[in-house]
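So the structure is just underneath, and the comments pick up after that.
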Amino acid sequence: MTGQSLHEAKRTALVLAAAQAFVGAATPITISMGGLAGSYLLSADKSLATLPVTSFNIGVALGALPAALIMRAVGRRSGFMGGSIATFAGGVLAAFALFQASFWMFAGALLLVGLGNSFVQQYRFAAADQAPANFKPRAIAWVLGGGVFAAIIGPQLAINTRELFAPVSFAGAFLSVAFLGVVGAFILSFLRLRKEPAETGTPEGGEARPLGVILRQPRFLVALFCGVATFALMSFVMTGAPLAIVGCGFSPDDATLGISWHVIAMFGPSFFTGHLITRFGKERVVAAGMFLLIGCALVALSGIALWQFWTALILLGIGWNFGFIGATAMVADCYRPSEKNKVQGMHDFLLFSLVAFSSLMSGQVYNAFGWDMLNWVIFPVTGLCLISLGTLALRRRRTVQSA
């Protein structure tokens with residue numbers, strides 16, 4: 001690629017990072033307020049309190065494949081702007097549902113916000129596809145770095161607008177989600193993307209292979225497993241954390257600030273994660289993420305003081321960053337430009353289907369077994385990820401030795 005192309009790739013990553021900062025800020029609001037608002041709308045039985053958060057994740061999963069198809073038909077810029085409008089509509093409907101005291105309407109509204117977020121999840125792939133090979137990990141990291149600002153913007157909006165329409169709690173926070181969608185659509189209007197190889201295959205991209213062939217690659221399978229496990233564990237623990245914090249006598253604002261620190265930790269390392277991947281390799285960075293998740297569980301199991309909740313959430317966020325960015329970069333190695341839409345769509349469909357399931361189970365497990373059990377689950381899952389990474393490394397070493 002020429003210097004001009006690298007400049008354009010950097011500009012694209014920066015625009016998408018700015019969009020991530022605003023449209024992505026809907027996610028910490030949804031996660032921190034969704035379960036609490038669900039509990040607020042329910043009567044004595046609170047077992048479905050996290051269902052609205054699950055609806056959000058279901059929306060992300062259901063939107064993954066359609067988002068890829070829509071952007072293939074109308075282009076990524078128009079698709080991304082449409083996703084921002086869906087976020088706006090979901091925020092308005094969520095606020096209306098709270099005024100109507102309708103739990104199921106509220107859950108449906110967060111599903112719509114999730115559909116909008118399915119386009120946000122494609123930002124990182126768009127940045128990578130516009131970048132030269134040696135800039136891809138940093139392009140992904142730059143976009144996710146926008147989440148640092150999302151971690152500040154979203155929770156601060158939630159805290160300052162939560163009681164804006166008192167006595168109807170939480171309505172203001174979700175109306176701010178609508179505001180974020182409008183701002184995001186404006187930012188995305190500045191996006192300029194170069195034409196990419198078509199799905200049918202080009203000399204540049206190579207003939208597109210069947211999806212099954214791509215999915216059966218050992219490297220893809222390990223990357224998918226580690227990415228899904230990292231994200232699902234993060235969602236599982238994060239979704240239950242606000243309920244646990246408030247359940248231990250702390251305030252909703254304490255829970256929201258905990259999620260804010262968590263999301264900062266999720267995206268803050270992105271400014272140097274790309275450099276770590278370049279220096280140490282993708283697999284080692286993913287493995288480091290797994291050990292950080294284990295550290296999260298150890299801190300969480302050590303006590304229920306506020307600093308322990310917050311420290312565990314910070315470690316959970318950094319572990320997610322290393323594990324997920326590293327796994328995403330591994331996935332990007334496994335497909336040709338002509339295959340990107342179907343692979344990325346299928347990847348995110350599988351990913352967020354399991355993330356949705358994990359967020360639903362978070363409320364169930366928390367109500368049945370408590371905060372500790374949410375963290376015990378981390379150990380076997382991270383152990384399997386480390387084994388899969390080790391197996392992949394041994395397989396590659398044997399291939400090199402036999403060559």
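The values are calculated or read from the model by the stated rules, or taken from the named source; none is laboratory data. The shown structure was predicted, so the numbers you read here are calculated from the model rather than taken from an experiment. Here Cβ is always computed from backbone atoms with ideal geometry, including for glycine, and neighbour counts include all displayed protein chains.
In the range 125-165, which residue that is of a type in the set (Val, Ile, Thr) and at pLDDT 85 or above is surrounded by the fewest Cβ atoms within 10 Å (Cβ to Cβ)?
Out of the qualifying residues, it is Ile152.
Please specify each residue of the range 364-403 satisfying the condition of being in contact with a Pro (Cβ under 8 Å, 6 or more places away or on another chain) and surrounded by 18 or more Cβ atoms within 10 Å (Cβ to Cβ).
Leu392 - this is the single residue of the range 364-403 that is in contact with a Pro (Cβ under 8 Å, 6 or more places away or on another chain) and surrounded by 18 or more Cβ atoms within 10 Å (Cβ to Cβ).
Being closer than 12 Å to Val120 by Cβ and not polar (S, T, N, Q) is the filter; apply it to the range 23-55 and report the residue that is surrounded by the fewest Cβ atoms within 10 Å (Cβ to Cβ).
The extreme case among them is Gly24.
Give me the residue from the range 359-379 that is free of Cβ contacts under 8 Å to residues at least 24 places away in the same chain and not small (Gly, Ala, Ser) and, out of that set, nearest to Leu292 (Cα to Cα).
So, considering only residues that are free of Cβ contacts under 8 Å to residues at least 24 places away in the same chain and not small (Gly, Ala, Ser), the one nearest to Leu292 (Cα to Cα) is Met373.
Per-residue answers, yes or no, for (1) surrounded by fewer than 24 Cβ atoms within 10 Å (Cβ to Cβ); (2) hydrophobic (A, V, I, L, M, F, W, C):
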{"site": "Gly247", "(1), (2)": "yes, no"}
{"site": "Thr256", "(1), (2)": "no, no"}
{"site": "Trp261", "(1), (2)": "yes, yes"}
{"site": "Gly268", "(1), (2)": "yes, no"}
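One residue is enough: does the range 249-269 have a residue meeting the conditions out of contact with any Leu (no Cβ under 8 Å at 6 or more places or on another chain), of a type outside the set (A, V, I, L, M, F, W, C) and without any contact (Cβ under 8 Å) to a residue 12 or more places away in the chain?
yes
Is one or more of the residues making up the range 329-340 closer than 27 Å to Ala244 by Cβ and either out of contact with any Asp or Glu (no Cβ under 6 Å at 6 or more places or on another chain) or crowded, with 20+ Cβ neighbours inside 10 Å (or both)?
No, every residue in the range 329-340 fails to be closer than 27 Å to Ala244 by Cβ and either out of contact with any Asp or Glu (no Cβ under 6 Å at 6 or more places or on another chain) or crowded, with 20+ Cβ neighbours inside 10 Å (or both).
Search the range 380-403 for residues that are within 18 Å of Gln217 (Cβ to Cβ) and pair each with any residue that is of a type in the set (D, E, K, R) and surrounded by 13 or more Cβ atoms within 10 Å (Cβ to Cβ) when their beta-carbon atoms are under 8 Å apart and the residues are at least 6 apart or on different chains.
Leu389/Glu283; Leu392/Arg219; Leu392/Glu283; Ala393/Glu283
Filter the range 44-63 down to the residues that are under 23 Å from Ala86 (Cα atoms) and hydroxyl-bearing (Ser, Thr, Tyr), then identify the one that is modelled with the lowest pLDDT.
Thr50
Does Phe190 satisfy being closer than 24 Å to Gly79 by Cα, at pLDDT 90 or above and part of a loop (DSSP other than H, G, I, E, B)?
Spelling it out, Phe190 is indeed closer than 24 Å to Gly79 by Cα, at pLDDT 90 or above and part of a loop (DSSP other than H, G, I, E, B).
Within the range 73-107, can you find the residues that are assigned to a loop (DSSP other than H, G, I, E, B) and either among the aromatic types (Phe, Trp, Tyr) or in contact (Cβ under 8 Å) with a residue 60 or more places away in the chain (or both)?
Within the range 73-107, Gly75, Ala101, Ser102 qualify.
Listed residues Phe231, Phe291; which is surrounded by fewer than 24 Cβ atoms within 10 Å (Cβ to Cβ) and farther than 30 Å from Ser39 by Cα?
Answer to the check: Phe291.
Looking at the range 278-334, which of the residues that are hydroxyl-bearing (Ser, Thr, Tyr) and modelled with pLDDT of 95 or more is farthest from Tyr123 (Cα to Cα)?
Per the criteria, the residue is Ser302.
Leu36 passes all but one of (1) out of contact with any helix residue (DSSP H, G or I) (no Cβ under 7 Å at 6 or more places or on another chain); (2) over 18 Å from Asp348 (Cβ atoms); which number fails?
(1)
Hey, any hits in the range 35-54 for a residue that's among the acidic types (Asp, Glu) and either in contact with a Ser or Thr (Cβ under 9 Å, 6 or more places away or on another chain) or assigned to a loop (DSSP other than H, G, I, E, B) (or both)?
yes
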